[in-house]
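Enquirer: Before I ask anything, let me first share the structure, which is written out below as structure tokens.
The values are calculated or read from the model by the stated rules, or taken from the named source; none is laboratory data. Model, not experiment: these values are computed from the prediction. A quick note on method: Cβ atoms are made from the backbone with ideal geometry, for glycine too, and the neighbour counts reach across all protein chains shown.
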Amino acid sequence: MSRQELGNAIRKIRGSMTQAELSKLSGVSQSTISEIESGKTISRFDVIALLTKALGISMDQLVDEINQVNEDIEIYLIDKNIQQAAWIMKEIPEQYREYAVTMLEGILKIIKDKE
């Protein structure tokens with residue numbers, strides 16, 4: 001597991017929780033969390049254990065998330081349509097992105113219902 005893989009997984013699992021909130025829950029300094037998420041450092045096992053406990057996940061779940069993030073990155077790098085969709089989403093103002101996601105989920109449901 002690389003530093004960046006760990007950081008990406010922690011950031012994704014953290015979701016809408018801020019680094020400050022995670023710091024308060026875990027007892028790990030916000031600067032350390034920032035360094036981990038940015039890939040500047042890979043922390044000691046005990047620090048990662050504090051973070052996973054605060055996030056309500058096991059170490060196995062963290063490893064699974066790292067593997068999933070890597071798969072998502074591979075798909076993104078291979079599929080030009082996914083790249084194009086990501087660029088389009090990036091251009092949509094943040095307050096409207098939820099509408100675009102809801103629309104895509106509706107399209108997916110229609111496709112699955114037809115199968």
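Enquirer: Just the residues that are of a type in the set (A, V, I, L, M) and closer than 17 Å to Ser23 by Cα, please, taken from the stretch 39-69.
Expert: Passing the criteria: Ile42, Val47, Ile48, Ala49, Leu50, Leu51, Ala54, Leu55, Ile57.
Enquirer: Consider Asp64 carefully, then state whether it is surrounded by 12 or more Cβ atoms within 10 Å (Cβ to Cβ) and free of Cβ contacts under 8 Å to residues at least 24 places away in the same chain.
Expert: Spelling it out, Asp64 is indeed surrounded by 12 or more Cβ atoms within 10 Å (Cβ to Cβ) and free of Cβ contacts under 8 Å to residues at least 24 places away in the same chain.
Enquirer: A further question follows. How about the stretch 19-29: which of its residues are under 18 Å from the mean Cα position of the chain (by Cα) and surrounded by 13 or more Cβ atoms within 10 Å (Cβ to Cβ)?
Expert: Of everything in the stretch 19-29, those that are under 18 Å from the mean Cα position of the chain (by Cα) and surrounded by 13 or more Cβ atoms within 10 Å (Cβ to Cβ) turn out to be Gln19, Glu21, Leu22, Ser23.
Enquirer: Separate question: Going through the stretch 30-55 one residue at a time, which ones are surrounded by fewer than 17 Cβ atoms within 10 Å (Cβ to Cβ), in contact with a helix residue (DSSP H, G or I) (Cβ under 8 Å, 6 or more places away or on another chain) and among the acidic types (Asp, Glu)?
Expert: Residues satisfying the conditions do not exist here.
Residue-wise test of (1) at pLDDT 85 or above; (2) exposed (fewer than 10 other Cβ atoms within 10 Å of the Cβ); (3) part of a helix (DSSP H, G or I); (4) in contact with a helix residue (DSSP H, G or I) (Cβ under 9 Å, 6 or more places away or on another chain).
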| residue | (1), (2), (3), (4) |
| --- | --- |
| Tyr76 | no, no, yes, yes |
| Asn81 | no, yes, yes, no |
| Ala85 | no, no, yes, yes |
| Gln95 | yes, yes, yes, no |
| Lys109 | yes, no, yes, no |
| Lys112 | yes, yes, yes, no |
